[in-house]
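Taken together, the values in this text are just the output of simple stated rules run on the coordinates, not laboratory data. Computed from a prediction, not measured in an experiment: that's the story for all the values here. Using ideal geometry, Cβ is built from the backbone for each residue, glycine included, and neighbour counts are taken over all protein chains shown.
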Amino acid sequence: MEMDEATQPKDPPKISRLDDSVVNRIAAGEVIQRPVSAVKELVENSLDAHSTSISIVVKDGGLKLIQVSDDGHGIRYDDLPILCERHTTSKLSTFEDLQTVKSMGFRGEALASMTYVGHVTVTTITKGQLHGYRVSYRDGVMEHEPKACDAVKGTQIMVENLFYNMIARRKTLQNSADDYSKIVDLLSRFAIHHIHVGFSCRKHGAGRADVHTVAASSRLDAIRSVYGVSVARSLIKIEAADHNPSSSVFKMDGFISNSNYVAKKIIMVLYINDRLVECTALKRAVEIVYAATLPKASKPFIYMSIVLPPEHVDVNVHPTKREVSLLNQEVIIEKIQSVVESKLRNSNESRTFREQIVEQSPLGSISMDKDPNFSPSPSGSKSQKVPVHKMVRTDSLDPAGRLHAYLQVKPCGPLENNPSLTAVRSSVRQRRNPKEGADLTSIQELIDEIDCNCHSGLLEVVRHCTYVGMADDIFAVLQHDTHLYLANVVNLSKELMYQQVLRRFAHFNAMQLSDPAPIFELIMMALKEDNSDPGCHENDGLIEKIAEMNTELLKQKAGLLEDYFCVHIDIRGNLSRLPVILEQYTPDMDRVPEFVLCLGNDVDWEDEKNCFQSISAALGNFYAMHPPMLPNPSGDGMQFYKKRKPLRNPEDEENTPENIGDDTTGENEIEQELLSEAETVWAQREWSIQHVLFPSMRLFFKPPTSMATNGTFVRVASLEKLYKIFERC
Ligand code: ADP
Ligand code: MG
């Protein structure tokens with residue numbers, strides 16, 4: 001076999017040591033990714049120097065100038081020569097110190113990095129000195145001897161022409177939106193945590209500061225002065241703690257927004273051991289609680305400060321220290337999640353309670369005959385606290401929303417006893433607001449059935465279990481106390497979705513399908529799949545007939561499906577919108593045909609309660625976390641992705657470079673594209689199971705008694721017994 005030059009194996013390339021200046025510049029580019037990262041490092045240095053006042057001036061989004069001045073302890077004259085060398089720090093000396101480090105800096109990289117990608121000038125004075133010193137740095141070293149100069153208390157660091165030597169970075173930053181807003185955002189976050197430090201941040205030449213705080217007396221005052229009165233007004237204080245070394249040890253306190261707060265984006269300001277960090281898992285967990293507890297509510301504002309023993313936090317997992325990793329993170333997140341949830345619930349209940357009192361009074365004085373437009377909400381007849389999941393928002397345009405209970409209108413008092421009056425009222429209600437038209441009694445009955453049928457032992461397991469992992473395609477392993485369980489995620493998710501549909505009834509957020517799908521085609525697909533006998537063509541006519549009838553039926557029922565379930569079928573018979581049942585989760589679209597067929601075939605449209613029940617069940621089945629259609633590549637499923645071809649001598653199977661390009665041309669052993677698609681969908685499913693299904697179950701799920709015996713939960717082992725066995729080994 002001939003080979004041309006290009007495919008001829010070349011000698012391996014020679015390895016040589018990079019020049020220090022190159023190494024340093026590469027490293028610097030990582031630490032200082034953009035102007036806001038330089039500001040963060042400089043402000044953290046000022047905080048580490050115990051400053052009580054820090055002011056920042058920024059020019060050109062930080063590319064021309066960043067200047068940070070503080071009144072901290074200053075820098076010794078003797079330290080100036082090595083101040084900007086890499087890995088010089090006053091905050092850490094042994095590796096063990098890292099376990100207990102309290103300062104924000106410890107890597108000794110920030111200032112050095114800035115000198116490799118910008119021009120740095122330091123002016124500083126220490127206590128008891130008559131004058132200060134000023135010196136400029138490049139590439140880690142002083143450009144000249146420090147010069148004596150006038151100075152007020154503390155340090156001022158000036159970074160000019162950031163990324164002057166990194167053309168691509170400078171260009172992208174110039175084109176991208178100004179970093180200044182990021183800097184303002186950062187300073188706002190610092191200001192509400194370090195309330196005993198005054199911050200100011202302004203653009204060069206501007207008279208007014210965009211962030212301006214003086215040392216405040218309380219956290220709430222600080223939040224008010226930075227984020228405004230309307231934010232501060234809608235906050236609830238939260239606290240949580242655990243002192244149990246076998247589960248977790250932490251203390252958390254903070255503020256979270258209540259249902260009055262309106263915003264498009266979540267603001268989460270998180271401090272862990274006084275370090276401003278990101279924690280995506282915690283953020284998601286909180287968002288899920290909001291989405292589920294306040295349907296249609298806006299995104300929350302969250303300030304949280306978590307304190308843990310320093311040895312439980314690894315601060316050294318990210319070069320810019322933006323992320324940390326925690327011991328027992330899952331447990332801590334769960335604890336916080338449940339505190340947030342109960343706070344939100346309480347704040348909602350008191351709202352409802354107040355409103356119901358207000359609405360109750362006119363009921364006695366206005367006669368229904370005089371005012372036929374008056375339609376009291378069902379809850380108006382009774383004031384009592386109702387769990388959040390049984391409330392609905394009656395006015396989706398007012399996100400601060402008035403929440404009303406799905407309460408049965410029970411006869412109580414003379415007005416309610418008059419049957420004709422009730423009929424008039426419900427028809428009035430129906431005309432004014434079609435969504436309120438359904439007699440909510442049937443939904444309430446279905447929800448009551450769920451509550452009555454709940455298995456208390458399983459509820460305890462669901463509330464307090466830890467997700468261990470997937471045992472196979474269907475079963476997850478859970479740990480509760482000292483027991484291990486196998487839990488069928490398909491059954492669980494199907495039932496959870498069903499319950500959530502009833503709870504969110506008529507108040508769903510919508511997800512838009514990118515391509516509206518004709519329901520006729522969908523039903524045809526589903527019917528053909530059901531009836532997949534390839535030779536059998538006589539049925540085709542019949543199938544088409546059924547599909548047509550079902551399509552007509554669903555078009556007729558489009559109003560109901562849309563109003564109560566957010567399933568939108570447009571006039572041309574296309575399915576274009578579906579409900580969000582759990583935030584962060586979209587169902588497997590491969591199952592749409594089956595769902596539409598089920599709506600057409602299995603729903604009882606005559607009886608209201610049966611109708612709602614069967615549609616909710618159909619949605620539950622559709623949204624359940626079934627195993628994806630593509631076989632699971634990790635395991636036996638891998639067979640599916642091997643290209644089928646005539647059996648060959650096993651020695652030929654070795655896929656050496658030589659035999660690619662000969663007679664096996666194009667015939668890869670494995671269908672790569674399909675395989676990687678399968679890997680993605682399986683990974684996504686597992687993510688959803690861990691991060692959406694189980695957290696939501698902890699909050700909302702009422703396991704039906706049948707699950708104790710039908711194989712949904714199976715107790716597989718008791719850890720105590722296992723330990724005993726291991727002890728013997
Ligand atoms: P690190 O903060 O990781 O120690 P830096 O490069 O940020 O590394 O800073 C190096 C050292 O310079 C710090 O350890 C500190 O001693 C000193 N320093 C930097 N900024 C200030 C400041 N504003 N006030 C006092 N000392 C400072
Ligand atoms: Mg630092």
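Key figures for this structure:
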quantity	calculated
Difference of contour (0.36 nm per residue) and Cα-Cα distance, Q556 to E330	76.6 nm
Net charge contributed by nearby residues that have their C-beta within less than 13 Å of D473 (K/R +1, D/E -1)	-2
Estimated FRET transfer efficiency when R0 is 45 angstrom, pair M549-M511 (beta carbons, to 0.05)	0.95
Segment 236-302 - share of DSSP beta bridges that are antiparallel (%, nearest 5)	85 percent
Global geometry of segment 249-348, whether rounded, prolate or oblate, following the gyration tensor of its Cα atoms and the 1.5 cut on a/c	prolate
At 0.692 mPa s and 37 °C, Stokes D of segment 111-186 from Kirkwood alpha-carbon radius, µm² per second	232 µm²/s
Extension gain from D150 to D530, taking 0.36 nm per residue of separation minus the Cα-Cα distance	128.1 nm
Additional length obtainable on full extension of the chain from K10 to V317, 0.36 nm per residue less Cα span	106.7 nm
Semi-axis lengths (Å, descending) of the ellipsoid that matches the C-alpha gyration tensor of segment 151-218	28, 16, 11
Two-site FRET efficiency, D19 against E160, from Cβ-Cβ distance with R₀ of 30 Å, rounded to 0.05	0.75
Under 11 Å, Cβ to Cβ, from D636 - net charge with Lys/Arg +1 and Asp/Glu -1	-2
Least to most buried among D472, D70 (fewest other Cβ within 10 Å first)	D472, D70
Lys, Arg +1 and Asp, Glu -1 on Cβ, resulting dipole of segment 81-140 about Cα centre, debye, nearest 20	220 debye
Residues of segment 573-608 with amide N under 17 Å of a point placed 7 Å along Cα→Cβ from T280	584-586
Principal axes of segment 20-168: Cα extent on each, largest first, Å	45, 38, 27
Counted charge near K64, where neighbours are those whose Cβ lies closer than 13 Å (Asp, Glu -1; Lys, Arg +1)	-1
Mean Cβ count within 10 Å, highest first, over the residues of peptides 194-204, 497-507, 13-23	497-507, 194-204, 13-23
Alpha carbon centroid spacing (whole Å) that separates segment 501-526 from segment 456-493	30 Å
FRET efficiency, M589 to F95 (Cβ-Cβ, R0 51 Å, nearest 0.05)	0.50
In segment 513-603, the GluC sites (Glu not before Pro) that fall in loop regions by DSSP, at most 10 other Cβ within 10 Å	E538
